[in-house]
Amino acid sequence: MEAGEIGGAVVFALAASAALASAVFVGAVDFTHPLAVGGGAAFEWDGVIPWLIGVFGGGPSAAEAGDVSVGMAYELWVRVRAGVIAPTLQVAVWVCMVMSVMLVVEATFNSVVSLGVKAIGWRPEWRFKWEPLAGADEEKGSGEYPMVMVQIPMYNELEVYKLSIGAACELNWPKDRIIVQVLDDSTDPFIKNLVELECESWASKGVNINYAIRSSRKGFKAGALKKGMECDYAKQCEYIAIFDADFQPEPDFLLRTVPFLIHNPDVALVQARWAFVNHTTSLLTRVQKMFFDYHFKVEQEAGSATFAFFSFNGTAGVWRTTAINEAGGWKDRTTVEDMDLAVRASLNGWKFIYVGDIRVKSELPSTYGAYCRQQFRWACGGANLFRKIAMDVLVAKDISLLKKFHMLYSFFLVRRVVAPMVACILYNIIVPLSVMIPELFIPIWGVAYIPMALLIITAIRNPRNLHIMPFWILFESVMTVLRMRAALTGLLELSGFNQWIVTKKVGSNFEDTEVPLLPKTRKRLRDRINLPEIGFSVFLILCASYNLIFHGKTAYYFNLYLQGIAFLLLGFNFTGNCACCH
């Protein structure tokens, strides 16, 4: 057990203790409050059957019967509401409260570690040895430089294939110690021909580049990477650098990352941070950048500094070939093959390093539909991997109990299951329904204090984006519905749990942030609108209107109206592409 793991466990315990102490101080924790719902009449089935017989059996006066039936219908609704609906939702409320506390403790832990790392100026070089590869002639080559293979998996990447191939071929590394491998799964013959010609062009300039294709797309990206490592020339490479088709590493990328692997034989992966060339093109890309900034600044940084474990991002990283082979290689059993490999490698005792100072240019999804497909694949795959690998983590012998707890509880349970579930169920379902069920008790700390704490935690690590924060909150409210559906699909292995859809690239120039126009195609109405989002907006707006007219103990209508409008706008695919949002 290392000092980083012990320190991480101590910080996590302090975060949990602080959360409990704060709850007690503000009076949020009150064990004297009964779990059962009070204030409503008990539900009795004895009165329901006679009422139904009287209604359907007729009476002496239709008008009188109508008045009586209306009154009895309302009385029945009150009894059902108080005796069945409210208690059921009350249980869901308390489950959500527990999950909310789990979420805020996890977020606090990650943020405290992240802020601590930033405050003391901690760098990976403090924990892991790093020395430059000096005294070598890159043109003639040197034995000091290990063999590195750069893999570029792509699929019909017409807009960006030149950028990724060109960037890989221009990496500063001895020409006889690097192999560029383009794994082209394209199904369009025209695009395949262009990619092959590009590879031939670089080969004529003296670059050791190989163009590889497959007869089928079995396994998608994982299948392509696995096939690429089976090549004879790949087996002589000690390290594998992986870049998606829209990524453009700087020329010194290998010179800054590979030394970590050379001087630390227990390190399997060096992960760089993503930078985005189109984050200012729309409101959609701006809120996406906030999401990814939190992921890299907080989650990846905290995991690297404490347990030397985090999820491989699938690109912009360098792997030790031995670690990949020992972990069983690439597998296509989930849609998050990168996370799958990272977890299996970590179970074998390998460590990971995240280097936030190294940034690789890439592209954010430019449409709401593309972003949703990307997020669904990640959320569904992560939950499905939890289902498949939890037992392997429990019985692993090469990692400590603390690391097992971190992986199962923090990495999987809280982030892949609890976070999407509680955010959607509590704020998009229970709170809206509560305006019509006065018997339902929702603690103020659950709907006010915890969201405020999470907002502050996020804002601290994104101070430059405070003006975008309100839009980010509403956007994330919409995305919780998709992420919950994805998590349930992965956990239960429902239809489509292993479906892979490649994120469409626009191919914006890396020196220009303006997105070029894509060829316009005629779309059907159902392809231009998102019915689930529109349906949810109607539900939220109706609940807000009811709360505005018949408000009692609660007044959620302002928030519900904003949420409803956000769902409605995204339902019609408005993502802030107008000039005023730039």
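Once the chain from HIS263 to LEU408 is taken as fully extended at 0.36 nm per residue, the excess over their C-alpha distance is 49.2 nm. Pairs over the 24 Å Cα-Cα cut-off, from the set LYS205/LYS331; LYS351/LYS388; LYS331/LYS404; LYS227/LYS297: LYS205/LYS331; LYS227/LYS297. A full extension of the chain between LYS192 and ALA390 corresponds to an added length of 67.3 nm, given 0.36 nm per residue minus the alpha carbon distance. The amide H of ILE178, built 1.01 Å from its N in the peptide plane, has VAL148 as neighbours under 5 Å, considering only residues 5 or more places off or on other chains. Qualifying GluC sites (Glu not before Pro) in region 139-217, where qualification requires a DSSP coil assignment and no more than 11 other C-beta atoms within 10 Å, comprise GLU139. Against the empirical curve 2.2 N^0.38 Å, the C-alpha radius of gyration of region 324-415 lands at a ratio of 1.21.
Over 25 Å between C-alpha atoms is what I'm after, so list which of LYS235/LYS361; LYS226/LYS403; LYS118/LYS162; LYS175/LYS235 land there. Show your work: numbers first, answer last.
Working: LYS235/LYS361 29 Å; LYS226/LYS403 28 Å; LYS118/LYS162 36 Å; LYS175/LYS235 18 Å.
Distance filter (> 25 Å) returns LYS235/LYS361; LYS226/LYS403; LYS118/LYS162.
Given their separation in residues at 0.36 nm each and the Cα-Cα distance between them, ILE120 and SER400 gain 98.1 nm when the chain is fully extended. Put a dot 7 Å past the Cα of VAL84, heading toward its Cβ, do the same for SER204, and the two dots end up 7.7 nm apart.
For TRP94 and ARG528, a Förster radius of 45 Å and the Cβ-Cβ distance give a FRET efficiency of 0.65, rounded to the nearest 0.05.
If you plug the beta carbon distance of ALA459 and LYS218 into 1/(1 + (r/R0)^6) with R0 = 41 Å, you get a FRET efficiency near 0.40. In terms of its C-alpha gyration tensor, region 91-248 comes out oblate, because a/c is 1.5 or above while a/b does not outweigh b/c. Sequence-ordered 3J(HN,Hα) estimates for region 465-478 from the Karplus curve with 6.51, -1.76 and 1.60 and θ = phi - 60° stand at 10, 4, 6, 8, 4, x, 5, 4, 4, 5, 5, 5, 4, 5 Hz, glycine and proline given as x. Beyond 16 Å, how much of the Cα-Cα pair distribution for region 172-292 remains, as a whole percent? Everything past 16 Å amounts to 72 percent.
Each reported figure results from applying straightforward, stated rules to the coordinates on display, with no laboratory input. Remember, it's a predicted structure, so these values are computed and weren't measured experimentally. No Cβ is skipped: glycine too gets one built from the backbone with ideal geometry, and neighbour counts run over all protein chains shown.
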